[in-house]
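For reference, the structure discussed in these notes is given below.
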Amino acid sequence: MFGKLLKYELRSTSRFMWILYCAVICAGLISGLTLRFVIFGNEAPQPDGSSIISVEGFKAVLATISISVYVLLIVAMEVLTIVMIVLRFWKNMLGGEGYLMHTLPVPSWMLVTSKTVIAILWELMAGISALISGTLVLLTSGIGFEILKEINLREMFADLREFMNIGPTQLVLLAVFAGIAGILQFYFSMALGNLANKNKVLFSVLAYLGINVAVSVIRGIISFIGISLSSHIGATGMMVGIIGWPTVILYLLMAVGFFFGTYLIMENRLNLE
Amino acid sequence: MAWKLDGTRSIHSQLTAVIRGRIISGYYPPGSRLASVRELAEEAGVNPNTMQRALAELESTGVIFSQRTSGRFVTADLSVIKSLRLEEAERSVRTFVDEMRGLGLSAEEAEEMVRNYVESTGKEPAGSAGESGQAMSACESEVDV
Amino acid sequence: MSVIFECRKLTKQFGTVTALNNVDLTLETGRIVGLLGPNGSGKTTLLKLANGLLKPTSGEILINGIKPGPVTKSFVSYLPDANYLMDWMKVSTLVEFFRDFYRDFDAQRAFDLLADLGVPADAPLKTLSKGNKEKVQLILAMSRRAYVYFLDEPIGGVDPAARDYILGTILRNYSENALVLISTHLIADVERVLDEAVLLNSGMVMDHRPVDDIRETHGMSVDEYFREVFRCSVNY
């Protein structure tokens, strides 16, 4: 049954998503080629980074605009992905289709889980498209090689650990839990908003904002406790915001909490129109 | 097209009347096999249980009989059908007489009107099951099909 | 004929509003029952409770002795009074969907009925006329070999020919092992198809009797009886 839910969830959402991702990747190609031929002209960019610096005047403006547009496009795709995920849940679980979904012979938690899994998939796809697209820009414009030389992963991670108290494992886990919690926060807000008799959309938005506030407060408390308890001071002598394990666990708990909240509301307090 | 039924009388009694009418008129010939309860109910546009009840009533009065594996049949006993016909006729007579009384006509006036009508339309009462057209309309006018 | 639907002191409140008030009701298989009452009488609330879309405030509702949940949903077929199907989907995809989730779904029957109607299987649902959409919804619900069918206003808002078709389909689908509960305010149209009528008003069961019983006892149709006894206005 779970597989079937996934199957139809995928079928319902993929129509929109593929368009987005293709658009983004194409945009990457176009941007990269624009940079390459329009801006850098007929000379291939130099490996020593001089070609970037030498772009001036009108071409510099053009380059800036081109890159800005491109970045906006990426952001738009990410936003649209989230919008799709939210609207999908609202329409399918809380709208007319809810009569179909909630009378399927499956438990409520399975409905919520299937939606979450596919939502995560689309967020991953969005991220991957952005990466592919960005890489295309770098490669087709020729800048890529110059920048890649500047990246030193080991240094980056060392800095992260130093300044933000977070290692690679924690980073990965944090990204995963935060991603899941992010999606579930939307679902939970919508479930909460739907408890109201009128103005459900408004209450959903308020619920979302309210949760954000609550989370910020909790994170602040964790930081405060963390700083008070530890004698860790960054290399620069600053008190640094502690990320570390407490934050990772916080997001895990958020994900679990939002899931149960959503599930319990669907199970016991559903009231379709 | 569903059978026309009125809203004030019980459905099963109306169904019984329709089927009886059809047997009298020969629409369902003597000894013939009736469709299944389901099919009749569908045709009539009524609940199968209600149709079942109507058929059970007809069975109990011997108008139809059932054979376990083969279904339900109209009685082959012509005398049964004849007495049904007479019952219908009597019902019509009673209705007619009551109506005439209600209109204030005397027995003689009523009789004369009957005779005039019979003569002017030049028709003899249908005697056998073969002449189904007119007989059908007489018996089924009570329940309009 | 065995008991398959039971309400015991079933009450549902929404804040201060009592939609259902201490309802006791027992229904058996092999019957087509009308849940009759004006808008706001609690019919839809009762059906939502039966399908697990609402939870009771107090009391119980049992389908074949079980509380509504994934188990009952597997042998209950529900036709809600709403556009509840994905209207961007093709009709054939919807059939596939039902077949995937319901073991008792008879896809062949669904296709046969759709063909009878002349509904192209490849057409997205949203391209169909309103009448055809309603028929498709009904066909999907009736193509399940369920033990309970809950039909909420199946003939509301369609033309008389469609009505006949829908009532005919319900009759053709009759089974001794199943209960069909038709909820409607169009009592006159549906009476002749019913075994029993449950008359609901203001969240309470006013009467529960065989249709012919009401007609014989009161000399009027159920529709007239209901209007007279509950003094409802003529236009619902």
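Observations, loosely collected:
- Selection from region B:1-26 of residues that are assigned to a loop (DSSP other than H, G, I, E, B) and more than 10 Å from chain C (Cβ to nearest Cβ): B:LYS4, B:GLY26
- Scan of region A:247-273 for residues that are closer than 30 Å to C:THR45 by Cβ and β-branched (Val, Ile, Thr), ordered by number: A:THR262, A:ILE265
- So C:VAL23, is it out of contact with any Cys (no Cβ under 7 Å at 6 or more places or on another chain) and either among the aliphatic types (A, V, I, L, M) or surrounded by 22 or more Cβ atoms within 10 Å (Cβ to Cβ) (or both): no
- Of all the residues in region A:3-45, those that are modelled with pLDDT of 85 or more and aromatic (Phe, Trp, Tyr) number 1.
- Residue list for region C:29-57, filter: more than 14 Å from every other protein chain (Cβ to nearest Cβ) and under 20 Å from A:GLU267 (Cα atoms): C:LEU46
- Contact annotation: no residue pair with Cβ atoms under 8 Å, 6 or more positions apart or on different chains, pairs a residue in region B:28-45 that is touching a residue at least 24 places away in the same chain (Cβ under 8 Å) and not assigned by TED's automatic domain parsing to the domain that holds B:GLU59 with a partner that is outside any helix (DSSP H, G or I) and not β-branched (Val, Ile, Thr).
- The one condition from (1) touching a Lys or Arg at 6+ places or on another chain (Cβ under 7 Å); (2) more than 14 Å from chain A (Cβ to nearest Cβ) that C:ASP87 does not meet is (2).
- Failed criterion for C:ARG145 (all others in (1) surrounded by 18 or more Cβ atoms within 10 Å (Cβ to Cβ); (2) in contact with an Asp or Glu (Cβ under 6 Å, 6 or more places away or on another chain) hold): (1)
- Residues of region C:26-44 satisfying the condition of being surrounded by fewer than 20 Cβ atoms within 10 Å (Cβ to Cβ), modelled with pLDDT under 95 and at negative phi: C:PRO38, C:ASN39
- The set of residues in region B:35-78 that are part of a loop (DSSP other than H, G, I, E, B) and closer than 23 Å to C:LEU194 by Cα comprises B:ALA35, B:SER36, B:GLY45, B:VAL46, B:ASN47.
- Some residue of region C:166-178 being among the hydrophobic types (A, V, I, L, M, F, W, C) and exposed (fewer than 15 other Cβ atoms within 10 Å of the Cβ): no
- Strands (runs of 3 or more DSSP E) within region C:1-104 that include 1 or more residues among the polar types (S, T, N, Q) and touching a residue at least 24 places away in the same chain (Cβ under 8 Å): C:3-14, C:17-28, C:58-63, C:76-79
- Residue within region A:89-97 that is assigned to a helix (DSSP H, G or I) and among the small types (Gly, Ala, Ser) present: no
- The single condition among (1) at pLDDT 90 or above; (2) more than 19 Å from C:MET220 (Cα to Cα) that B:ALA2 does not meet is (1).
- Qualifying residue in region B:59-66 (condition: within 13 Å of chain C (Cβ to nearest Cβ), at pLDDT 90 or above, in contact with a Phe, Trp or Tyr (Cβ under 8 Å, 6 or more places away or on another chain) and closer than 28 Å to C:ALA178 by Cβ): no
- Flag if A:GLU78 is within 14 Å of another protein chain (Cβ to nearest Cβ) and farther than 19 Å from C:VAL71 by Cβ: no
- Taking the conditions (1) away from chain A (no Cβ under 14 Å); (2) out of contact with any Cys (no Cβ under 8 Å at 6 or more places or on another chain); (3) not hydroxyl-bearing (Ser, Thr, Tyr) in turn, C:GLU60 satisfies each one other than (2).
Quick grid of which residues meet (1) under 30 Å from C:TYR225 (Cβ atoms); (2) in contact with a Ser or Thr (Cβ under 6 Å, 6 or more places away or on another chain); (3) within 14 Å of chain C (Cβ to nearest Cβ); (4) not hydrophobic (A, V, I, L, M, F, W, C):
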| site | (1), (2), (3), (4) |
| --- | --- |
| B:TYR28 | no, no, no, yes |
| B:ARG33 | no, no, no, yes |
| B:ARG38 | yes, no, yes, yes |
| B:ALA44 | yes, no, yes, no |
| B:SER70 | no, no, no, yes |
| B:ASP77 | no, no, no, yes |
| B:ALA89 | no, no, no, no |
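- Being surrounded by fewer than 21 Cβ atoms within 10 Å (Cβ to Cβ) and not in a loop (DSSP other than H, G, I, E, B) holds for only one residue in C:ALA115, C:ALA110, and it is C:ALA115.
The values are calculated or read from the model by the stated rules, or taken from the named source; none is laboratory data. Quick caveat, the model's predicted, so the values are computed rather than measured. We place every Cβ from the backbone using ideal geometry, glycine too, and count neighbours over all the protein chains shown.
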